[in-house]
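Everything on this sheet refers to the single structure shown next.
The values are calculated or read from the model by the stated rules, or taken from the named source; none is laboratory data. Predicted model, so just to flag it, every value in this text is computed and none were measured. Methodologically, a virtual Cβ is constructed for each residue, glycine included, from the backbone with ideal geometry; neighbour enumeration extends over all protein chains shown. For accessibility, only protein heavy atoms count, side chains too; no ligands or nucleic acids. Shrake-Rupley method; radii C 1.70, N 1.55, O 1.52, S 1.80 Å.
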Amino acid sequence: MMMMVMWWLTVVAGVASAAVKEYNWEVGYKFWRPDCKEGTVMAINGEFPGPTIRTNAGDIVVVHLTNKLTTEGVVIHWHGIRQYGTPWADGAAGVTQCAISPGETFTYKFTVDKAGTYFYHGHYGMQRSAGLYGSIIVDVAEGEREPLRYDGEFNLLLSDWWHQSIHSQELGLSSNPLRWIGEPQSILINGRGQFNCSLAAHSSKEQMNRCTFEKGDQCAPQILHVEPNKTYRIRIASTTALASLNLAVQGHKLVVVEADGNYVTPFAADDLDVYFGESYSVLLTTNQDPSRNYWISVGVRGRKPNTPPALTLLNYRNVPAADLPSSPPPETPRWNDYDRSKSFSKKILSAMGTPPPPKKSDRRLILLNTQNQIDGFTKWAINNVSLSVPVTPYLGSIKHGLKGAFDPKSPPKNFPADYDITKPPANPNTMPGNGIYTFPMNITVDVILQNANALNPNVSEIHPWHLHGHDFWILGFGEGKFRPGVDEMAFNLKNPPLRNTAVLYPYGWTALRYVTDNPGVWFFHCHIEPHLHMGMGVVFAEGVNRLGKVPPEALGCGLTGKMFMNRNR
């Protein structure tokens, strides 16, 4: 199968001029049945998930986004799109723009600079959990040649789903004592799942009711129809709010070829761990018995799996899609088998031709991830600061030199050397803050993410960290506390993967390196929705003085809003 992966990075010269892809979107709530139980979703133009954007590298995307919500603002983040020259279009409320008020329209305009598999999602409150997301597929530029060979393509957008509203979830997370949101009721594949029933009821251990669907049912699974002896590219992205996932196709190997919009050295796997915010492409060859169908299973990893796996079918076209496999779906690996997860992560290496990282860094941050309290309210903190994003977006306040918009002091760049990461914090109290890390342009920064014990003994959670505005190299993972001067000796400087999301494993560390080559203000945060809501993030700024005019419509709130109003009097 590996021989079927035609791998090269040479492209055909003579790229055509960029095209403009323009969209008019309206965001509003809609009744929907994502898992066969009716609730409300955030839909775009009445669609859930939102419309897929398909474009070519180098194209300009223009989205006129109108907020049809009646009582809340909205923004959309274009996850993995680096926004060179357009940081105000990044879609991070309080960081790069104001939330779009009800009834108003904001225009996002940006260039998609490289091919790959991406997605977009709400980035205000917990609107991603309400279903505000969709896929972005960027093909190679016109005139270039795709370095992968395949006969067909599928797109799988994975998410988790609660029956409790996001407003109730947000209130619970902000209450004293904490009211935890609990595990999701369902896992969705392309917005479709099944609650209280199973496609595989008669062959599964749970012995749930067999699902029945009516024509056009919103929760009916989307089946992947394939021809025998073909190779298919399956694009996979996870916009889950809480659940780490594992995807397997019964009886078929998966060859991993792309991660977060970057080609990787191909390797074969029986299944694929997909963490929150990650995207992949895998190649699947239909070389199994063409007289039967096969399960596609997506189960929970990293948390006790109180949510049933999502299922759909790989359907060989000469077999009726109604013929379900006689054998059970693939079993999801044990939820806390972290050694298995780390082994998978370490197999992801950059493809030949990917630029290597700089050999040395100019700055280093060591960011300790802890669970803490503020006046009895449960929070997450980084170096004992729980992020509270200000009303005035950082981009506007820095660009216009506004005083008092945020704390001008940098947060701590390290944590005390005697901190015991294996135990709950000796002093559980933390402090809110909105200071940021500011770097000069074109320097190399190392970020060491350090995990620790949470408030309860013997608990350390997985955290997926996503950086806006940049890709970074993942230099390595390690157990226990990071040892400066020792652990960097084992950094992979030869072929580390370029990613925009990295996993921090329990009681361990993850080392990242990136170059400050993109003027703007960029969010760096845990991609677990409740954790970010509870303060688990930091903000980086670089070269804001190099930016031209920031569109005033991005800054019409807080101190920048008052500034623009005073100018127009």
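Checked against (1) more than 26 Å from GLY558 (Cβ to Cβ); (2) surrounded by 17 or more Cβ atoms within 10 Å (Cβ to Cβ), ASP337 passes all but a single condition, namely (2).
Within segment 144-162, the residues that satisfy the criterion of being assigned to a loop (DSSP other than H, G, I, E, B) and open to solvent by 40 Å² or more (accessible area, probe 1.4 Å) are GLU144, ARG145, ARG149, TYR150, ASP151.
Here's the yes/no breakdown for (1) in contact with a Pro (Cβ under 7 Å, 6 or more places away or on another chain); (2) touching a residue at least 60 places away in the same chain (Cβ under 8 Å):
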{"site": "THR501", "(1), (2)": "yes, yes"}
{"site": "TRP509", "(1), (2)": "no, yes"}
{"site": "LEU512", "(1), (2)": "no, yes"}
{"site": "ASP517", "(1), (2)": "no, yes"}
{"site": "MET534", "(1), (2)": "no, yes"}
{"site": "GLY543", "(1), (2)": "yes, yes"}
{"site": "PRO551", "(1), (2)": "no, yes"}
{"site": "CYS557", "(1), (2)": "no, yes"}
{"site": "ASN566", "(1), (2)": "no, no"}
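Per-residue answers, yes or no, for (1) part of a loop (DSSP other than H, G, I, E, B); (2) at pLDDT 95 or above; (3) open to solvent by 10 Å² or more (accessible area, probe 1.4 Å):
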| site | (1), (2), (3) |
| --- | --- |
| ASP273 | no, yes, no |
| TYR280 | no, yes, no |
| PRO290 | yes, yes, yes |
| ILE296 | no, yes, no |
| LYS304 | yes, no, yes |
| LEU324 | yes, no, yes |
| PRO329 | yes, yes, yes |
| PRO333 | yes, yes, yes |
| SER341 | no, yes, no |
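The rows are residues; the columns are (1) in contact (Cβ under 8 Å) with a residue 60 or more places away in the chain; (2) farther than 24 Å from ASP487 by Cβ; (3) open to solvent by 30 Å² or more (accessible area, probe 1.4 Å).
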position: ASP375; (1), (2), (3): yes, yes, yes
position: SER386; (1), (2), (3): yes, yes, no
position: PRO411; (1), (2), (3): yes, no, no
position: PRO416; (1), (2), (3): no, no, yes
position: PRO424; (1), (2), (3): no, yes, yes
position: PRO432; (1), (2), (3): yes, yes, yes
position: ASN442; (1), (2), (3): yes, yes, yes
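Six or more apart or on different chains, Cβ under 9 Å: which pairs go from a residue in segment 454-471 that's free of Cβ contacts under 8 Å to residues at least 12 places away in the same chain and assigned to a strand (DSSP E or B) to one that's aromatic (Phe, Trp, Tyr) and open to solvent by 50 Å² or more (accessible area, probe 1.4 Å)? Could you list them? Close Cβ pairs satisfying both conditions: none exist.
Considering only residues in segment 541-569 that are touching a Leu at 6+ places or on another chain (Cβ under 8 Å) and either more than 14 Å from ILE398 (Cβ to Cβ) or assigned to a strand (DSSP E or B) (or both), the one that is modelled with the lowest pLDDT turns out to be PHE564.
With respect to PRO308, is the statement that it is free of Cβ contacts under 8 Å to residues at least 24 places away in the same chain and open to solvent by 10 Å² or more (accessible area, probe 1.4 Å) true? Spelling it out, it is not the case that PRO308 is free of Cβ contacts under 8 Å to residues at least 24 places away in the same chain and open to solvent by 10 Å² or more (accessible area, probe 1.4 Å).
Report yes if THR370 is under 22 Å from PRO177 (Cβ atoms), of a type in the set (Val, Ile, Thr), open to solvent by less than 10 Å² (accessible area, probe 1.4 Å) and within 28 Å of the chain's Cα centre (by Cα), otherwise no.
Working: under 22 Å from PRO177 (Cβ atoms): yes; of a type in the set (Val, Ile, Thr): yes; open to solvent by less than 10 Å² (accessible area, probe 1.4 Å): yes; within 28 Å of the chain's Cα centre (by Cα): yes.
Yes, satisfied.
Within segment 208-240, the set of residues being crowded, with 17+ Cβ neighbours inside 10 Å, small (Gly, Ala, Ser) and in a loop (DSSP other than H, G, I, E, B) comprises ALA220 only.
In the condition set (1) more than 18 Å from the chain's Cα centre (by Cα); (2) in a loop (DSSP other than H, G, I, E, B); (3) more than 25 Å from ASN427 (Cβ to Cβ); (4) modelled with pLDDT of 95 or more, GLY485 is compliant with all but (4). Taking LEU242, is it hydrophobic (A, V, I, L, M, F, W, C) and closer than 17 Å to PHE154 by Cβ? For LEU242, the condition - hydrophobic (A, V, I, L, M, F, W, C) and closer than 17 Å to PHE154 by Cβ - is not met. Highlighted here are the strands (runs of 3 or more DSSP E) found entirely within segment 55-137 that include at least 2 residues which are more than 21 Å from ASP517 (Cα to Cα) and touching a His at 6+ places or on another chain (Cβ under 9 Å): 105-111, 116-122.
Just one of the listed residues (ASN492, ASN518) is open to solvent by 10 Å² or more (accessible area, probe 1.4 Å) and more than 17 Å from the chain's Cα centre (by Cα), namely ASN492. Going by the conditions given, is ASP362 exposed (fewer than 15 other Cβ atoms within 10 Å of the Cβ), touching a Ser or Thr at 6+ places or on another chain (Cβ under 6 Å) and at pLDDT 95 or above? Yes.
Criterion applied to THR40, THR96, THR86, THR52 was being surrounded by fewer than 24 Cβ atoms within 10 Å (Cβ to Cβ), farther than 30 Å from VAL257 by Cβ and β-branched (Val, Ile, Thr), and the one residue passing it is THR40. Is it fair to say HIS525 is closer than 30 Å to PRO177 by Cβ, open to solvent by less than 20 Å² (accessible area, probe 1.4 Å), in a strand (DSSP E or B) and modelled with pLDDT of 95 or more? When the stated conditions are applied, HIS525 passes them. Set side by side, the residues LYS403, LYS379, LYS409, LYS413 differ, and just one is assigned to a strand (DSSP E or B) and either touching a strand residue (DSSP E or B) at 6+ places or on another chain (Cβ under 6 Å) or over 22 Å from ALA452 (Cα atoms) (or both), which is LYS379.
THR438 falls short of the stated requirement of being within 13 Å of PRO358 (Cα to Cα), surrounded by fewer than 21 Cβ atoms within 10 Å (Cβ to Cβ) and in contact (Cβ under 8 Å) with a residue 24 or more places away in the chain.
All of (1) open to solvent by 10 Å² or more (accessible area, probe 1.4 Å); (2) more than 13 Å from the chain's Cα centre (by Cα) hold for LEU532 with one exception: (2).
Of LYS562, LYS481, which residue is within 24 Å of GLY302 (Cα to Cα) and among the charged types (D, E, K, R)? Exactly one of LYS562, LYS481 is within 24 Å of GLY302 (Cα to Cα) and among the charged types (D, E, K, R), namely LYS481.
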